[in-house]
Amino acid sequence: MRQETRRATLIGIGAVLLWALLALMTAASGTVPPLQLTAMSFAVAFVIALLVWIRRGQNPLKRLRQPLGVWCLGIAGLFGYHTMYFVALRNAPVVEASLIAYLWPLLIVLFSALLPGQRLKLFHVIGAVLGFAGAILIVAKHGAHFDPAFTTGYLAAMACALIWSGYSVLNRRFAHVPTDAVGGFCGVTAVGALVLHLATEQTVTPVGIEWLAILGLGLGPVGGAFFLWDVGTKHGDLRVLGAAAYLAPLLSTLVLVAAGAAVATWQVWLACLLITGGAVLASLDMLRRPPHDPADMI
């Protein structure tokens with residue numbers, strides 16, 4: 001694996017690490033409704049991108065001037081995913097909806113085989129499947145019961161999996177587009193979430209530490225992480241990123257355990273073994289060659 005590919009993959013995994021903080025920071029945001037929280041978090045990410053452009057002396061309007069296909073993919077990925085996620089949670093039990101939505105890392109691994117020059121090996125698939133098995137233990141530790149009455153929610157959750165995996169894989173087609181374009185997608189997502197919030201939710205004013213939690217979300221799991229993921233999906237190894245993505249629910253649970261908000265059970269430790277083992281297995285191509293392997297110079 002080339003050095004630049006390895007580096008981009010590690011940057012993409014950085015997004016997974018930030019997503020692990022999502023549950024803790026969301027809990028710290030208090031009673032702010034989901035769509036309002038999404039709008040505020042993505043607004044933070046957009047404002048930071050805007051300030052960076054201004055500080056560099058760049059014209060924000062020029063930075064936002066991207067091909068229509070880039071905008072369509074970015075908006076579908078960020079805004080489309082989050083919209084479908086909330087639809088899923090409102091129309092199906094959280095456990096079942098989350099399980100279906102967590103198919104996206106596995107789908108990334110499978111869809112990556114459709115890209116030019118990508119070859120899917122058995123250990124990539126096995127690694128992703130092990131990760132999904134670990135996610136099942138984390139999310140559905142008390143079992144899952146699928147009821148046809150919640151079909152709308154299940155379909156929305158499947159849309160989540162397809163949208164995010166499709167966005168992540170198709171993003172490779174726009175590898176030439178600078179990553180800071182994600183700032184524009186964050187801005188549109190913030191506006192879209194605000195519109196939906198005003199139409200469906202009651203506005204809640206954050207207080208005290210809740211403001212810091214929202215700022216943290218915009219800097220990390222619901223903002224900054226998407227810039228890191230952009231680098232990873234455009235230039236990294238999608239097969240490794242897909243399998244490593246299952247570290248997010250595991251690390252999220254471990255963070256909650258460390259914070260005293262959850263209890264470590266045998267399911268957690270088995271999930272740790274499955275997800276970590278799966279991620280390592282899927283990363284064999286990245287791990288088995290030394291950094292200065294001659295192949296990196298090709």
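Computed quantities for the displayed model
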item: From Gly127, Gly77, residue being under 30 Å from Leu198 (Cα atoms) and either of a type in the set (S, T, N, Q) or part of a helix (DSSP H, G or I) (or both); result: Gly77
item: Residue match in the range 208-216 (condition: assigned to a loop (DSSP other than H, G, I, E, B), over 19 Å from Trp19 (Cα atoms) and modelled with pLDDT of 85 or more); result: yes
item: Some residue of the range 96-103 being in contact (Cβ under 8 Å) with a residue 40 or more places away in the chain, small (Gly, Ala, Ser), in contact with a Lys or Arg (Cβ under 8 Å, 6 or more places away or on another chain) and surrounded by 21 or more Cβ atoms within 10 Å (Cβ to Cβ); result: no
item: Positions within the range 1-43 being more than 17 Å from the chain's Cα centre (by Cα) and under 12 Å from Gly223 (Cα atoms), in sequence order; result: Met40, Ala43
item: Positions within the range 111-162 being within 18 Å of Asn91 (Cα to Cα) and crowded, with 19+ Cβ neighbours inside 10 Å, in sequence order; result: Val139, Gly153, Tyr154, Ala156, Ala157, Ala159, Cys160, Ala161
item: Subset tally (residues that are under 15 Å from Val240 (Cα atoms), touching a residue at least 40 places away in the same chain (Cβ under 8 Å) and of a type outside the set (S, T, N, Q)) for the range 111-120; result: 3
item: Criterion violated by Ala97 - all others in (1) more than 17 Å from the chain's Cα centre (by Cα); (2) at pLDDT below 90; (3) within 20 Å of Ser165 (Cα to Cα) satisfied; result: (1)
item: When residues of the range 31-43 are limited to those that are part of a helix (DSSP H, G or I) and not hydrophobic (A, V, I, L, M, F, W, C), the one surrounded by the most Cβ atoms within 10 Å (Cβ to Cβ); result: Ser41
item: Flag if Phe46 is aromatic (Phe, Trp, Tyr), over 15 Å from the mean Cα position of the chain (by Cα), within 15 Å of Phe227 (Cβ to Cβ) and surrounded by 17 or more Cβ atoms within 10 Å (Cβ to Cβ); result: yes
item: Qualifying position, being more than 14 Å from Ala28 (Cα to Cα), of a type in the set (Val, Ile, Thr) and free of Cβ contacts under 8 Å to residues at least 60 places away in the same chain, among Val240, Val257; result: Val257
item: Filter result for the condition that a residue is out of contact with any strand residue (DSSP E or B) (no Cβ under 6 Å at 6 or more places or on another chain), among the aromatic types (Phe, Trp, Tyr) and modelled with pLDDT under 85, over Phe174, Phe146, Phe132; result: Phe146
item: Selection status of Thr203, β-branched (Val, Ile, Thr) and outside any helix (DSSP H, G or I); result: yes
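The values are calculated or read from the model by the stated rules, or taken from the named source; none is laboratory data. Predicted model only: the values in this text are computed from it and were never measured. Cβ: placed from backbone, ideal geometry, glycine included. Neighbour counts: every protein chain shown.
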